[in-house]
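Comments concern the structure below.
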Amino acid sequence: MHLFNRLFTLFFFLLFSSGAVSAMTIVPPDIYGRVVINNYRSKGIVPVVFDHWLHRAKFTCRLCHIDIGFAMEAGGTKISAATNMKGFHCGACHNGNRVFGGRKTFGSCSDNFTQEEGARCERCHSLGKNVKKEYEFNTFSKRLPSKGLGNGIDWEEAENKGLINPVDFLEDISIKRTPLKMDKDVVIESRGTWMSDVLFSHKKHALWNGCEVCHPEIFPSTKKGTIKYSMLQIAGGEYCGVCHDKVAFPLIDCQRCHTKPVQ
Amino acid sequence: MKRTFYIALLVLVIAGVTSAQTGVKKKRPLPYEYGRVVISNYSEKAGLAPVVFDHWLHRAKFTCRLCHVDIGFAMKAGATGIKASDNMNGYYCGSCHNGKKAFDDKIVFDTCSKAPEAQTRCLRCHSLGKNVKAGYDFSKFTENLPRGRFGNGVDWEHAEVDGLIKPLDFLEGISIKRQSLTVQKDFALGTKLEGMPDIIFSHKKHTVWNGCELCHPEIFVGVKKGTTKYSMTEIFEGKYCGVCHTSVAFPLIDCQRCHTKAVQ
Amino acid sequence: MKKLRTCLLCCAVAVIVCSGARDIEKKTFSWCGVVHAQDDWRNEFDDVCSRTQDAMIFSPDELRNLIARCDKLKPRVEKLDETQRKVFLKRLQLCRDLFLFVLESKEKK
């Protein structure tokens, strides 16, 4: 009985801290934002490794996650070679024809390729393989302002300075709409009296995400305060944690959000 | 007592953590998957795979009213309770799928049958998890249709205005001959959130495809505008506008499609 | 004479039964009324429910009349075979409820 109680307490402690532990793990800047997609590993296909940092510098979050329709969870989109070849998902740009910054984007999957072209598969299906990438993180990030954890890049500042210019429209895929004006900042009160409140900037988030990335799936309520969530849920990958811990700056950077001083 | 409490607490925590309905991004269906309905009332009992019905093809050929009012299909998967016998008697799917009716110069394939030689035909509908080649290819079919945002990626409204699709609204022997509908007025729906543009609801557009009975009174019960109060939360849950605009008509993620009236 | 009287009596009974059966659909043993009754309900259904498009222009009395006709149809539809019953009960319900809806909107104005 005594042992049983102890085990229970231990279990709860582990459950609670597992969320916190994943939030506390620090990965090197060039690996931060890495997504490993292995839906078809059982079929003997090497998992895909996708590092966010390059695409993040070139496109808005909205473009990939809304217009193209990528899920926000590794493996959630169920991309297959067939869908890529049809021009969906990765194949929306990686079709051997689209041009960005004066360079033609390499084609993605194909079912009819030569031996030389076969090496192209490894450009994405690279888990565990030593593949030389076209863009190198250190070289790329050197010229960008640095800040905090995650990729160690101040993406916001980089955009303000004009060092990056994320594209928000893709020909044949995007359909532009009049943007909705949602500039008001929102104060999210923290439950702990020792913690400053969060000053959430709608303007900054809407710039890269539009409305659709967050509403209604991640934040379903339009009335502030209706949905209650805790840091435990955020650390577990819900709400703010959908982005902030995997791609956007990690949660361990507390003061990045908890900025409103306690009155 | 204490142990029961702990077990209950444990179950709740696990349930809460694993069943996150809000707070996470769901998988967005691909254009050819959007509008897919899986029906499995009696299929498994009959030793068949559940039925997979993709709305896009029928949506291009018939009005919503024809199937959901005249033929009598429910608006929720499995709610109609279609049986093979119903189909064989010429109702529901069997209203058209009887091996005799012709649309666009093609004879529509027959539905359920007890004949052994017809067994391969079952797979055309009872296709969940099976690799069945469909009669119409989505990409080819929608190639020339005007592009739309989200959903099927087709602007159905535009397609009809341009005459590229001509949805049928009358089925001989099933539909009742009616007078044409009197034009209904558009009206504005106010939003609760400050800064969010109001919605201009077009009754005209909706009645062209739905008639009156589809929405009134089952979906919209309040007679006088403003009587029924509903919020976006309920809409997202699949009520009111969400009955159609979550699964078949353009999805709710396209905010600006409805919120069009500039804030004064 | 007796034979003639019996004959006339039988004819009279037959006429009464037939004329009565035309109105009372429930009498399944009647041979004159059955065939009509089977198609009647469909004609009535088509007649009543074809008017949903114009529900907005009817007066409250006309709407009440249409609702009453729907209510009268319901037991007839309930006697049909399983499939027809399922289909037409739903269609009748949609049609009746719409008339009621429009009636309420006119009365609340």
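FYI, it's all coordinate maths here, none of it is from the lab. A quick note: this is a predicted structure, and the numbers were derived from the prediction, not measured. Neighbour counts run over all protein chains shown; Cβ positions are idealised from the backbone, glycine included.
Table: residues versus (1) facing another protein chain (nearest Cβ under 7 Å); (2) on the phi < 0 side of the Ramachandran plot; (3) not charged (D, E, K, R).
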residue	(1), (2), (3)
B:T182	yes, yes, yes
B:L189	no, yes, yes
B:E213	yes, yes, no
B:F220	no, yes, yes
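Could you please give the count of residues in region C:52-76 that are more than 22 Å from C:K90 (Cβ to Cβ) and not β-branched (V, I, T)?
Within region C:52-76, the first condition is being more than 22 Å from C:K90 (Cβ to Cβ), and the residues that meet it are C:56-62, C:64-65.
Next, from what is left, pick out any that are not β-branched (V, I, T): C:56, C:58-62, C:64-65.
Residues flagged as more than 22 Å from C:K90 (Cβ to Cβ) and not β-branched (V, I, T) within region C:52-76 amount to 8.
Need the failing condition index for B:L252 against (1) surrounded by 14 or more Cβ atoms within 10 Å (Cβ to Cβ); (2) among the hydrophobic types (A, V, I, L, M, F, W, C); (3) in contact with a strand residue (DSSP E or B) (Cβ under 8 Å, 6 or more places away or on another chain), just the number.
So B:L252 meets the others, but not (3).
Which of (1) over 27 Å from C:D47 (Cβ atoms); (2) surrounded by fewer than 16 Cβ atoms within 10 Å (Cβ to Cβ); (3) away from chain C (no Cβ under 14 Å) does B:W156 not meet, given it meets every other one?
Among (1) over 27 Å from C:D47 (Cβ atoms); (2) surrounded by fewer than 16 Cβ atoms within 10 Å (Cβ to Cβ); (3) away from chain C (no Cβ under 14 Å), B:W156 violates only (2).
Taking region B:211-264 as the search range and keeping residues that are assigned to a helix (DSSP H, G or I) and of a type in the set (A, V, I, L, M), which one is farthest from A:R62 (Cα to Cα)? Before you say what the answer is, go through the steps one by one.
Narrowing region B:211-264 to residues assigned to a helix (DSSP H, G or I): B:232-236, B:240-243, B:255-258.
Now restrict to residues that are of a type in the set (A, V, I, L, M): B:232, B:235, B:243.
Working: B:M232: 22, B:I235: 23, B:V243: 26 Å.
Checked region B:211-264; the qualifying residue farthest from A:R62 (Cα to Cα) is B:V243.
Here are the criteria: (1) under 25 Å from A:D168 (Cα atoms); (2) hydroxyl-bearing (S, T, Y); (3) more than 20 Å from the chain's Cα centre (by Cα). Tell me which single one A:Y40 does not satisfy.
So A:Y40 meets the others, but not (1).
Return the residue satisfying two criteria in turn: it lies in region A:134-154 and is touching a residue at least 24 places away in the same chain (Cβ under 8 Å) and loosely packed, with under 13 Cβ neighbours inside 10 Å, and of such residues it is nearest to A:P250 (Cα to Cα).
The selected residue is A:N138.
Okay, residues lined up against (1) part of a helix (DSSP H, G or I); (2) within 13 Å of chain B (Cβ to nearest Cβ); (3) in contact (Cβ under 8 Å) with a residue 40 or more places away in the chain; (4) of a type outside the set (G, A, S):
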site: C:R64; (1), (2), (3), (4): yes, no, no, yes
site: C:K74; (1), (2), (3), (4): yes, no, no, yes
site: C:V77; (1), (2), (3), (4): yes, yes, no, yes
site: C:L80; (1), (2), (3), (4): no, yes, no, yes
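Looking at A:I79, is it in a loop (DSSP other than H, G, I, E, B) and out of contact with any helix residue (DSSP H, G or I) (no Cβ under 8 Å at 6 or more places or on another chain)? Talk me through it step by step, then tell me what you get.
Details: in a loop (DSSP other than H, G, I, E, B): yes; out of contact with any helix residue (DSSP H, G or I) (no Cβ under 8 Å at 6 or more places or on another chain): no.
Taking the combined requirement at face value, the residue does not satisfy it.
Count, please, the residues in region A:82-118 that happen to be of a type outside the set (D, E, K, R) and in a loop (DSSP other than H, G, I, E, B). Lay out the reasoning, then the answer.
Within region A:82-118, the subset of a type outside the set (D, E, K, R) is A:82-85, A:87-97, A:99-102, A:105-110, A:112-115, A:118.
Within this subset, residues satisfying the condition of being in a loop (DSSP other than H, G, I, E, B) are A:87-88, A:93-97, A:101-102, A:105-110, A:112-114.
Going through region A:82-118 one residue at a time, the tally reaches 18.
Out of the helices (runs of 4 or more DSSP H) lying entirely within region A:146-263, which hold 2 or more residues that are charged (D, E, K, R)? Walk me through it before giving the result.
Values: elements: A:155-160, A:202-209, A:231-235.
The helices (runs of 4 or more DSSP H) meeting that bar are A:155-160, A:202-209.
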